[in-house]
Every structure is written in structure tokens, then in C-alpha cells.
Amino acid sequence: MSPQFQLPFERPIFQLEDQLSQLESQSNPTPAILESIRTVRLELARMKREVFENLDAWDVVKVARHPERPQTLDYIELICDEFIELHGDRTFGDDRAIITGFAKLDDYKVMFIGQQKGRTLKERNECFYGCAHPEGYRKALLKMQMAAKYGLPIVCLIDTPGAYPGVGAEERGQAYTIAYNLREMARLPVPIISVVIGEGGSGGALGIGIGNTVSVLQFAYYSVISPEGCAGILWKHVKFADKAARALKFTGKDLLRFGIVDEVIPEPLGGAHRDHRAMATNLKATIVRQLRALLPLSGPELLEQRYQKFRKIGEFDEVVQAKISQETPTAEQTLVGHSK
Amino acid sequence: MSTGAPLDAITSNGQMRPKRGVPDGLWIQCESCKATVFRKQVEKNFHLCPECDHHFYVPTAERIAQLLDEDSFEEWFSELNPKDVLGFVDSRPYHERLKAEQKKTGMRDACTVGRGYMRGRPLVFATTDSAFIMGSMGSVVGEKLTRAVEKATELKLPLVIVSGSGGGARMHEGIVSLMQMGKVSAALARYHEAGGLFISVLTNPTMGGVAASFASLGDITIAEPKALIGFAGPRVVKATCKIELPDDFQTSEFLLKHGFVDRIVSRPQLKQELVRIIDYCSKSW
């Protein structure tokens, strides 16, 4: 079944699909019709490939946000043989934007952590469209620490526009909670596999993203700031979000080039939203392969590998250069020049 | 306050000429109480407003002079220079912006790290300076801080980081900036496990990715009065929640009330407070 929601650049694909279903609906197809069904099918495959090979960064954002794109709960249904959900952060509540629980992946028992944006309006309101509060990050860490206690590997699926920017979130220490997760995830002596399955929005994504391996799906993105946020600050208007998206270089190819991710997991033809099952199969195969590679490592080896993975990220020059001469600063610069 | 002289005086022949009067920069207006105060007096007074104790911005060199013993600071890794990883262009190319900021501040990037003494106690000291692209964290800031933390672990020294970063993770270096949060935090995890004492001092402003990484990870967290500290910018929060924000929202006092800051310390007392705390925790190694 083709998706309900249409992205602007998907129009030619939908037109061909309409054509195809019309042809196929004929009760007594003549050989001529069968022949045209065949050509339209071929054309459709070619069109999907052409459209999805040439997506720019802003188009990728749209695919990553596609309302029918598979989410954490879809993947849990499709790839886990068993899932026992665990709720609550023992301090404030149970954040629905991060789902946590025991899961079985083939023969492997893991702790499954995943951000959920919600599929229905009710679900979306419950989990704030995938924007977690501090209690969500606290819950995730609590379950991860428990997994570490019993030697269970951890799988984290990242899919969030960002951590929730609200009064309650600030009151309950959004910044502190994310910071604490970064530090404590660096200390868990079990394999951690992180995959960005949709949106990797800034600190909200990194808060469950300190993994031994970090991967992204082909049409996912992982960014320091949302394209809208960046456009609002640097271009002074959100309407330039497409420009910001291209400037931020946050899609798979660039993430590989900067050494941020280990692999880009291919999506089925036409994007994950067109074939949940095929996407889930690819994702599962990747996770299981990465698990197999990490499981033989000892705790200290895992910690060292994870440390070095993040330690080496960063680009700078390190040469002795001429000293920078400072202009005589005006009073404005030294005293009040850059108040908020 | 303006940098150029206003053209509001008319000479006898009817032409505009720059207004004479107070030389530029001698007087400044306090952002908080709006009093016009003598600049020298503010500078002598720890960059505090003599009328209302408003904490003005302090440049890195003066911060070091205020907190560390005279001439005791030995700067480390000063040769690190930022790079335009993404080829980022907004209103101007990032590499040009870097040059302009370097010229304006005399620093290579927003962060300064090194070893110094505080009333004779050796420690590793780092600051981020909000004058340089809002003190935001890109590769250089992340790398310098990570190295400083690693050095502190190796030398078994206390660590004091004074944060002044309104920008969080630096957008111009994209995802590489975001990963610096993970990198510094991982280094702090090792320092923490080794038993090191980390005192984080939050100054106006400490926001976004900086607040959500090293700045929040102190064993002790101290804030200067009325500093802006938080995760999301107040404008974003207002746009999301569509409610009036509390008056003290995201200030040091707000964080103290909600349990995320140990103490609010005024700048003239900061050095002696830090020394006292270090003395309490001196047996940690």
C-alpha cells in the first residue's frame, strides 16, 4: 500500500502509481495492457530511484519527518521477538517520548531504548511529538544502568526534533539531565548501539547517543540544531530553513565524511515510509551484525573504544602562528557589547 | 551608547559636525539599573555596577587576573586554531567571521585553558569567553577542554571551568560541534572516576549545548548572580509554551530554587569561595 501523505517531490511517483493501479484494476487485461503494466512498473522503479538519489538536505529532512515513517514502536513490533516495556524514572514520571524495555533480537537479549514521536494525534500529544523531558532522559539512563548491571547490551533508536523546550523541562533541569546522561553513558561497560532512525535533533538526540557504534538511516539526519532554529538565528527568518539545512551538512554522506557515524543503513526504494518491513529487516541485520562485533569485547575495551570514538572527533589546526593582534576595543565591546 | 559621535550639533555655517562632549567610552550605562556609571570605576570593582551590583561581562584575561594568583597562569594549547569544517556560509563565510572575531577579541577561539594557582593551590583552569561567537563550543573549544580535563586527571589537580557561553554548541561547525559535548563529557567521566574535583562556575550566559554538557557536570556548581542559564533559549520556550515566563526564568536564582546550583556567589567573593571549597575536597585523590 502506498502512503497517504505525499511529499512534493514524490508527485511523479504517485502519478505513476495511480496509472498502474488503474491498469491493474481491469478485469480482463489484454496482452497490450499487460505489456503497459510491465513498462509502468519499470518506469516506477526507475522514477523512485531517480527522485530519491537526488534529494538535497532539505528534502531529506522532509523524508525524515514523514508522518508514516516507521518509529520506535513499529520497529519493536517488526524486529523484536519479545518486548517487555519498563516505565518510569522513579523521580517524576513516565515520559512517553522515550520508550524503554527488555527486548529479544534473534538470540540476543538487549535493553531497547527508543524515542517515539507518536503515530496518532493522541499519541503525539502524549509524547510531545517526540520531544523528551528530563524525566525521559532520566528513565533512559536508569534502564541503561540496569542493563549494565546484568551485562545486557543496549540499543538506542534516536528520533527526535530535539529535547522539549518548555518551562517545566527547564525547571526540572533539562540541561543537567542531558549532561549527566552524556557522562554516565560514557561509563557503561556494555555494548551500546545507537541508530538515528529519523530526526537526530541536537542535544535531545545525543542524550541517548553515546554509543560504541553510531549509525544513521539513509534519509535520516543528525544535526547540532534544527534547520528552522538555525535559519531563525543566522538568517533571521525560519523561511530560510532549506538554506540552513544545506549549510549544516547533516545527512548520511557528510556524517560519514566527518567521522560522526560508522555506517549509513540503506532504506528501501522510495524511503522507509514505503516499506516498513524491508526497512526493519535492514535495520535488524545491521544491529545484529554490530552486536556480534562488539560482544566479544571486554568491559574496559568497550569503554576505551567508545571514548576514542568521540575523542577523535573535531577539526582544527595546530601550528604555531603569528600572534593575533587585537584591535583597540571600544567600550561597547569590552563591557556591554554582547549582552543577550 | 554609540560608538560613533552623533551628528546632532549644527555649526554656525549650518553644517552638521560631530557633537563634542564626553569622550567615547568613559561612561557606560548599566544594563540593569540604567544608571550612567564611570567605566573605570566599574572595571576596578570586578566589573560590577557600583549602583546595583549588576555583573558586567569580564574578558578572559581579567577573569584570570581576578581568580588566579598574580602571574601564576601558564596557558596550554594556545596554538589550536579553528577551521571551517563545513564551508559554512550564512550572511558571511564562517572563515571570515572567525578572522573578524579573532581580530576583535585577540583570541584564537572562545576557550582558554591552562594551569594556575589560587592562593597557592595548584589547579587546572579553563574559561569560555562570550565575546567570541557567543562563547559557543566548536572543535577548538571541545578539544582544549578535553585536553585540559585529561591533563587534570593525569596531574591529579582540581579543575575549575568558568563558562560564559550563550551560544551552546557552535552552529557554524554543525554536527562536529554537537559531538564535542560528548567528547568533553566522556573526559569528565574519567576525571570523575579518578576522583578529581571539578568546580563549574556559571556566568552570564550559559546556555544550550554548553549547559547540557560540561557546565552542568561540576561536583560543585556555582553561579554568578542573575546570570542567564538554561537549555533552550527563552524566546524558543515562550514560542513553544505560549505563556508568560516567570520573571526569574532561567536565572541563577531560578536554578538555585529548583536545585541545580549549589551556591550563588558574587564576583568579589568568588576566589575565596573557590579556595574554601577546594580545601574541603583536597583529600579526593
Beyond 12 Å, the calculated P(r) of region A:1-53 holds a percent of Cα-Cα pairs equal to 65
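Residue by residue through B:81-89, how many Cβ atoms from other chains fall within 10 Å of the Cβ on average? Don't jump to the answer; show the numbers that get you there.
Values: counts 7, 3, 4, 1, 7, 7, 2, 5, 3.
Going residue by residue through B:81-89 and averaging, the value is 4.
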With only helices counted (DSSP H, runs n ≥ 4, each -39500 (n - 2.57)), the per-residue ellipticity at 222 nm for chain A, to the nearest 500, works out to -13500 deg cm²/dmol
In this structure, among A:62/A:109; A:104/A:149; A:253/A:309; B:151/B:283, pairs with alpha-carbon gaps over 22 Å are A:62/A:109
Between the alpha carbon centres of region B:148-209 and region A:1-77 the gap in Å comes to 47
If every Lys and Arg gets +1 and every Asp and Glu gets -1 at its Cβ, then about the Cα centre region A:69-148 yields a dipole, in debye to the nearest 20, of 300
Each residue of A:224-231 has, on average, a number of other protein chain C-beta atoms within 10 Å of its C-beta equal to 5
Out of A:248, A:234, A:271 - ranked by how far each Cα lies towards the positive end of the dipole of region A:229-271, with unit charges on the beta-carbon of charged residues - the top one is A:234
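Counting only protein heavy atoms and rolling a 1.4 Å probe, how much accessible area do B and A lose on contact, total for both sides, in Å² to 100? Each step should come with its number before you reach the end.
Details: alone 15210 and 18070 Å², together 26530 Å².
So the buried area, both faces added, is about 6700 Å².
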Taking the alpha-carbon centre of each part, the distance from region A:256-294 to region B:213-266 in Å is 39
Checked region A:61-311 with the C-alpha gyration tensor, a ≥ b ≥ c its square-rooted eigenvalues, rounded below a/c of 1.5, otherwise prolate if a/b is larger than b/c and oblate if not; verdict rounded
Expected vector for region B:272-283, Karplus 3J(HN,Hα) from phi with 6.51, -1.76, 1.60 and θ = phi - 60°, integer Hz, x for Gly and Pro, equals 5, 5, 4, 4, 4, 5, 4, 5, 5, 9, 6, 9
In degrees rounded to 10, the 0-90 angle between helix B:174-194 Cα long axis and the longest Cα principal axis of chain B is 40
Sorted by accessible surface (1.4 Å probe, heavy atoms of the protein chains only), largest first, A:21, A:27, B:163 come out as A:27, A:21, B:163
Whole-Hz Karplus couplings 3J(HN,Hα) for region A:117-122, θ = phi - 60° and coefficients 6.51, -1.76, 1.60, Gly and Pro as x, run 8, x, 9, 9, 4, 4
By the rule of another cysteine's Cβ lying under 4.7 Å, the cysteines of chain B that fail to get a partner are B:111, B:241, B:281
Rounded to the nearest 10 degrees, the helix A:276-294 long axis (Cα) sits at an angle to the longest Cα principal axis of chain A of 40
Residues whose built amide H sits under 5 Å from the amide H of residue B:27, excluding neighbours closer than 5 in sequence, are B:39
Given backbone amide H placed at 1.01 Å from N, residues whose amide H is under 5 Å from that of residue B:228, ignoring those fewer than 5 places away on the same chain, are B:204, B:206
Counting Lys and Arg as +1 and Asp and Glu as -1 over every other residue whose Cβ sits under 13 Å from the Cβ of residue B:212, the net charge comes to 0
Taking a straight Cα-to-Cα line shorter than 16 Å from residue B:156, and setting aside same-chain aspartates and glutamates fewer than 8 residues away, one finds B:193, B:219, B:279
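Note down the net charge around residue A:117, summing +1 for each Lys or Arg and -1 for each Asp or Glu among other residues with Cβ under 14 Å from its Cβ.
Details: positive: A:65, A:69, A:96, A:119, A:122, A:124; negative: A:68, A:74, A:95, A:123, A:126, A:159, A:199.
Local net charge: -1.
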Once phi for every residue in region B:245-261 is put through the Karplus expression 6.51 cos²θ - 1.76 cosθ + 1.60 (θ = phi - 60°), the whole-Hz ³J(HN,Hα) values, with Gly and Pro written as x, are 7, x, 4, 8, 3, 6, 9, 4, 5, 4, 5, 5, 4, 8, x, 10, 9
For chain A, longest principal axis from Cα atoms; helix A:174-185 axis from its Cα atoms; angle between them, nearest 10 degrees, is 80
Note on chain B: contact order normalised by length, alpha-carbon pairs under 8 Å, 6 or more apart, percent, works out to 12
Of all stretches in chain A that avoid chymotrypsin sites (Phe, Trp or Tyr not before Pro) placed in a DSSP loop and having at most 11 other Cβ atoms within 10 Å, the longest is A:151-340
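About the Cα centre of the protein assembly as shown, what is the dipole size in debye to 20, counting +1 per Lys and Arg Cβ and -1 per Asp and Glu Cβ, all else neutral?
So the magnitude is around 600 debye.
Quick check on region B:57-280: of the DSSP beta bridges with both residues there, what percent are antiparallel, nearest 5%?
Details: 13 of 32 bridges.
If we restrict to bridges inside region B:57-280, about 40 percent are antiparallel.
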Reported to the nearest 10 Å², residue A:190 has, with a 1.4 Å probe, an accessible area equal to 10
Measure of exposure for residue A:301: accessible area at 1.4 Å probe, Å² rounded to 10, is 100
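For chain B, take N as its residue count and report Rg(C-alpha) divided by 2.2 N^0.38 Å. Mind dumping the intermediate values first?
Values: Rg = 20.5 Å, N = 285, 2.2 N^0.38 = 18.8 Å.
Output field value: 1.09.
Of the heavy-atom accessible surface of the protein assembly as shown (probe 1.4 angstrom), what whole percent is carbon and sulfur? Intermediate results must be reported in sequence, preceding the final value.
On the way: 13760 of 26530 Å².
For the protein assembly as shown, the apolar C and S fraction of the accessible surface comes to 52 percent.
Under 1.5 on a/c is rounded, so check that first for region A:42-172, then, if it is not, pick prolate when a/b is larger than b/c and oblate when it is not; a ≥ b ≥ c are the square roots of the alpha carbon gyration tensor eigenvalues. Kindly include the intermediate steps, with their values, before the conclusion.
Working: a/c = 2.48, a/b = 1.41, b/c = 1.76.
Judged from the Cα gyration tensor, region A:42-172 comes out oblate (a/c at least 1.5, b/c at or above a/b).
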Accessible-area order for B:258, A:87, A:133, largest to smallest, probe 1.4 angstrom, reads A:87, B:258, A:133
Projecting the Cα atoms of A:83, A:162, A:116 onto the charge dipole of region A:61-311, where Lys and Arg contribute +1 and Asp and Glu -1 at Cβ, the residue farthest towards the positive end is A:162
For the protein assembly as shown, whose charge dipole is built from +1 on Lys and Arg Cβ atoms and -1 on Asp and Glu Cβ atoms, the candidate among B:142, A:100, B:105 with its Cα farthest towards the positive end is B:105
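Could you size up the charge dipole of chain A around its Cα centre, putting +1 on the beta carbon of Lys and Arg and -1 on that of Asp and Glu, and report it in debye to the nearest 20?
Details: 42 positive and 43 negative charges, 85 e Å.
Computed about the Cα centre, the dipole is about 400 debye.
Apply 1/(1 + (r/R0)^6) to the Cβ-Cβ distance of residue B:79 and residue B:43, taking R0 = 41 Å, and write down the FRET efficiency to the nearest 0.05. All intermediate terms of the calculation are to be shown ahead of the outcome.
On the way: r = 30 Å, r/R0 = 0.73.
Given R0 = 41 Å and the Cβ-Cβ separation, E is 0.85.
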For residue B:84, the accessible surface traced by a 1.4 Å probe with all protein chains present amounts, in square angstrom to the nearest 10, to 50
Dividing the mean separation of Cα pairs under 8 Å (6+ apart) by the residue count of chain A yields a relative contact order in percent of 15
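The values are calculated or read from the model by the stated rules, or taken from the named source; none is laboratory data. Here the structure is a predicted model, which is why all the values come from computation and not from measurement. Because the Cβ atoms are built from the backbone with ideal geometry, glycine has one as well, and the counts that use them run over all protein chains shown. Keep in mind that these areas ignore ligands, DNA and RNA; they rest on the heavy atoms of the full protein, side chains included. Shrake-Rupley method; radii C 1.70, N 1.55, O 1.52, S 1.80 Å.
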